[in-house]
Amino acid sequence: MSSLTIHNWMQQYSTANGQCPVPSQSKLGEDATSFDSQMLEAHNYFRCLHGSPSMTTTAEMKTRATTAVGNSAVTGSLQYTFRGQNLAMISMPIADATGFGLTKLWYNEIKEYNYDDFTHSAGHFTQVVWSASVNLGCAHAEDINGNTQVTCVYDPPGNIATVEAHQENVKRPI
C-alpha cells in the first residue's frame, strides 16, 4: 500500500486517538486461521470506533456460520439462514481478500444510517457495531456461480427494531 493510500485511508478510518488498533491489511491467502482472526480483528476495530465491546469467536458460532454460508452458496444468491447474520458476495477468490475489506463492505452502510431516525437501519452496519452482540462466527464458500460468499453470524443477534435498542446498541463514532 502506498503512503498516499495509507494517508487517505487513515483520514477515513482513524485509530480514535490510539484507542482502536488498525487491523491487518494482508491478503487472507489459503490459511483458514487467517480468515477467522482477520474477520474478528476487523469487527473489533469497527466496534471500537463506536465504543462497543470486543467480540470473541466460538466453535459453535463458526459452525453456525459454516451452515449459513453453505445454505446460501448452493442457491447462488444471498440467502439468510439466521437472524443476526451478515452476508456478502465477492467475485474474487477469498485468498485475495482481507478481513478488513470484507467487514468494511458491511460497515460502509454507516453512510445510510441516521442516528436520530433508525427506521432505515442499514442493517449490515448496525449488526457489525451492535453493542450487545459479543460472539462472532464467520465462514466463506464458493457458490454455484463461482462467486465467493462470506457470512458472519452474531450472538446475541442485533437489529432489534425499537428506538431504545438502537440508542443503546448503535453508538455514534468516538
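The values are calculated or read from the model by the stated rules, or taken from the named source; none is laboratory data. Model, not experiment: these values are computed from the prediction. Cβ placement follows ideal geometry from the backbone for every residue including glycine, while neighbour counts extend to all protein chains displayed. The accessibility values were calculated without ligands, DNA or RNA, using every heavy atom of the protein model including side chains. Shrake-Rupley method; radii C 1.70, N 1.55, O 1.52, S 1.80 Å.
For the pair segment 39-82 / segment 88-164, the C-alpha centres are spaced 7 Å from each other. Taking chymotrypsin sites (Phe, Trp or Tyr not before Pro) across segment 78-120, the ones in a DSSP loop with at most 12 further Cβ atoms lying within 10 angstrom of their Cβ are Tyr115. Here the chain exposes an accessible surface that is 54 percent carbon and sulfur, computed with a 1.4 Å probe and the other protein chains kept in place. With R₀ set to 30 Å, the beta-carbon distance separating Phe82 from Thr119 gives a calculated FRET efficiency near 0.80.
Positive end of the dipole of the chain (Cβ unit charges, origin at the Cα centre): among Ala139, Ile160, Tyr113, the Cα lying farthest that way belongs to Tyr113.
Under a model in which nothing but the beta-carbon of Lys, Arg (+1) and Asp, Glu (-1) is charged, the chain shows a dipole of about 200 debye around its Cα centre. About its Cα centre, segment 20-68 has a charge dipole of approximately 160 debye under the convention of +1 per Lys or Arg Cβ and -1 per Asp or Glu Cβ, with nothing else charged. Accessible area per residue for the chain is 49 Å², calculated with a 1.4 Å probe on protein heavy atoms, without ligands, DNA or RNA.
Applying a DSSP loop filter and a limit of 15 other Cβ atoms within 10 Å to the trypsin sites (Lys or Arg not before Pro) in segment 66-166 leaves Arg83.
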